[in-house]
Amino acid sequence: MKFAVKKCVAWGDGKASTEDWCAFANNRSLNTRTLTIPELKQMPAMQRRRLSPFAKLTLHCALAACESYEQTVPSVFSSRHGDLHKTSKLIADVASKEALSPTHFGLSVHNAVGGLFSIFTGNKAPLSAVSAGEDSFFMGLVDAVSKLHAYNYDRILYVYSDLAVPEQYQPYVQQSPDNVAVALLIEKSTSQACINLEFTSHNQPNGTESSQLQALAFLRFYYSNNKQLVLDSKRYQWQLSQI
């Protein structure tokens, strides 16, 4: 599957600019445990106050990446855990027999941030939300690139985000507790540089998941001079190559 990245915007622990991500990709020292939250000043204050850190990171990257196409570009939003901090609070409220906030519930569902993006931009183009366990980043990318070609889109917006899970869930998660959001404005490959994505399933699933977040592996590949990335998950082997 071939595609070109017209624009990439990412935000993570101690990494908010292209320079930060280039430093990360080339193993230069960064304060990688400091997560700042984007201000999202383009959104009205009343809307901003309702947004969780997960939503703010996701929307910042999505709005910055889509450029002048924000009202027309189709999109795919992907996350493994979604806004689990908000969901965990709702579960705790149920357990303690507290009344649930309809607003908080509505903003906790998996396609909520995609819906907020659509509402804020007035975008009526197709939008989907993806979750595929450990492979959520790459499966979301497969979905976006497949739609780009199948529907002959000029471009598509792909957005992935995940925050470190709440403390009570960390013993059950094998991946490192990183925070990351990334948005890619994807177009069809041209004579210019493009990326080829391939994947194969393992005959027998690996015993454990990879400890590395796929989104961070992609960003290290994208912002470095590496021409190839090979990454094994529990069920698949993923291969990216610069062409």
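Summary of values
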{"read-out": "Low-density loop cleavage sites - GluC sites (Glu not before Pro) in segment 21-103, where at most 10 other Cβ are within 10 Å (DSSP)", "value": "GLU39"}
{"read-out": "Loop trypsin sites (Lys or Arg not before Pro), segment 1-68 (other Cβ atoms within 10 Å of the site Cβ: 13 or fewer; DSSP)", "value": "ARG28, ARG33, LYS41, ARG49, ARG50"}
{"read-out": "Candidate lysines for bridging to LYS86, where Cα separation is under 19 Å - those fewer than 8 sequence places away on the same chain excluded", "value": "LYS56, LYS97"}
{"read-out": "Fraction of accessible area attributable to carbon and sulfur, the chain (%, probe 1.4 Å)", "value": "50 percent"}
{"read-out": "Using a Förster distance of 51 Å, the FRET efficiency for ARG49-GLN242 (Cβ separation, nearest 0.05)", "value": "0.75"}
{"read-out": "Candidate aspartates and glutamates - alpha carbon under 12 Å from LYS89, same-chain residues fewer than 8 apart omitted", "value": "GLU98"}
{"read-out": "Rounded to the nearest 10 Å², the accessible area of HIS149 at probe 1.4 Å", "value": "90 Å²"}
{"read-out": "Solvent-accessible area per residue for the chain (1.4 angstrom probe, square angstrom)", "value": "50 Å²"}
{"read-out": "Whichever aspartates and glutamates have a C-alpha closer than 15 Å to that of LYS234, once near sequence neighbours (fewer than 8 apart) are set aside", "value": "GLU134, ASP135, GLU209"}
{"read-out": "Helical contribution to [θ] at 222 nm, DSSP H n ≥ 4, -39,500 (n - 2.57), averaged over the chain, rounded to 500", "value": "-9000 deg cm²/dmol"}
{"read-out": "Linear extension gain, ALA92 paired with GLN204, 0.36 nm per residue minus alpha-carbon span", "value": "36.6 nm"}
{"read-out": "Of SER136, SER176, SER75, the one that fluctuates the most in a GNM where the chain has Cα springs shorter than 10 Å", "value": "SER176"}
{"read-out": "Length-normalised contact order of the chain in % [C-alpha pairs under 8 Å, at least 6 apart]", "value": "27 percent"}
{"read-out": "Stretch gain in nm, segment SER224-GLU67, where the contour uses 0.36 nm per residue and the Cα spacing is subtracted", "value": "54.2 nm"}
{"read-out": "Kirkwood-based shape ratio for the chain, expressed as Rg/Rh from alpha carbons", "value": "0.96"}
{"read-out": "Neighbourhood charge, 11 Å Cβ-Cβ cut-off, centred on PHE120 and excluding it, Lys, Arg +1 and Asp, Glu -1", "value": "0"}
{"read-out": "Chymotrypsin sites (Phe, Trp or Tyr not before Pro) within segment 85-152, DSSP loop, no more than 16 other Cβ atoms inside 10 Å", "value": "TYR151"}
{"read-out": "Cut-off 17 Å, label 7 Å out along Cα→Cβ of TYR169, residues of segment 67-89 by amide N", "value": "78-89"}
{"read-out": "Contour excess over end-to-end distance, with Cα ends at GLU19 and ILE37 and 0.36 nm allotted per residue", "value": "4.7 nm"}
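The values are calculated or read from the model by the stated rules, or taken from the named source; none is laboratory data. The structure presented is a predicted model; accordingly, all values stated were derived computationally and were not measured. Methodologically, a virtual Cβ is constructed for each residue, glycine included, from the backbone with ideal geometry; neighbour enumeration extends over all protein chains shown. Accessible surface is based on the protein model in full, side chains and every heavy atom, while ligands, DNA and RNA are left aside. Shrake-Rupley method; radii C 1.70, N 1.55, O 1.52, S 1.80 Å.
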